[in-house]
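Peer 1: Pasting a structure here, questions to come.
The values are calculated or read from the model by the stated rules, or taken from the named source; none is laboratory data. It should be emphasised that the depicted structure is a prediction, and the values quoted were computed from it without experimental measurement. We place every Cβ from the backbone using ideal geometry, glycine too, and count neighbours over all the protein chains shown. Just so you know, the surface numbers come from the protein's heavy atoms only, side chains and all, with ligands and any DNA or RNA stripped out. Shrake-Rupley method; radii C 1.70, N 1.55, O 1.52, S 1.80 Å.
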Amino acid sequence: MSLQSNLALVGYGKMGRLIEQLAPEYDFTVTGRLDEYNNIDGAGIAALRNVGVAIEFSTPETAPANLEKLAQARIQAVTGTTGWLEHLPAVERAVNQAGTGLVWSPNFSVGVAVFRKLTALAAELMRDQK
């Protein structure tokens, strides 16, 4: 099994459990599960080994530090946690310094993505209308 198919879950609530349930269907193996009990001050992230990507669904209070620590550990990250974006510049700096990647969105729903594109297109079409 390749490193890229090893997945860590940072935040093990409803979404983390759902991702764990679906991971095998997409050829991923969950090799780490971190929650508020085993990731105090990022200690769990520091202990992760052989992880290709981490999916972070925690809280607005803990997401920025989690994402920075994942970058420092050179682990690619995806997050759907909301409410922390005022910290995005610092997280982006950590990701850039580490040379890792980060995918973030407040909503990964296909319907929401289509709606966003449609509203942007509608705004462009209506731009010159009076």
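Peer 1: How big is the Kirkwood radius of the range 74-130, worked out from every pair of different alpha carbons and given in Å to one decimal?
Peer 2: Here the Kirkwood hydrodynamic radius works out to 13.7 Å.
Peer 1: In bins 10 Å wide, starting from 0, what share of all Cα pairs of the chain does each bin hold, as a percent?
Peer 2: Whole-percent P(r) values from 0 Å outward: 12, 39, 30, 12, 6, 1.
Peer 1: Same structure again: With +1 assigned to the C-beta of every Lys and Arg and -1 to the C-beta of every Asp and Glu, and no other charges, what is the dipole magnitude of the range 28-69 about the Cα centre in debye, to the nearest 20?
Peer 2: Dipole magnitude for the range 28-69 comes out near 240 debye.
Peer 1: Sticking with this one: Using only the heavy atoms of the protein chains and a 1.4 Å probe, how would SER109, SER5 rank by accessible area, largest first?
Peer 2: Largest to smallest exposure gives the sequence SER109, SER5.
Peer 1: Name the chymotrypsin sites (Phe, Trp or Tyr not before Pro) in the range 11-77 that are in a loop by DSSP and that have at most 13 other C-beta atoms within 10 Å, would you?
Peer 2: Of the chymotrypsin sites (Phe, Trp or Tyr not before Pro), the ones in loops of the range 11-77 whose Cβ has at most 13 other Cβ atoms within 10 Å are TYR37.
Peer 1: Continuing with the same structure: Would you mind putting 69-77, 92-100 in packing order, based on average other-beta-carbon counts within 10 Å, highest first?
Peer 2: Packing order, densest peptide first, comes out as 69-77, 92-100.
Peer 1: Can I ask one more? Starting from the 7 Å offset along Cα-to-Cβ, what nm value, one decimal, do you get for the label separation of ALA122 and ALA23?
Peer 2: So the label points at ALA122 and ALA23 sit 3.9 nm apart.
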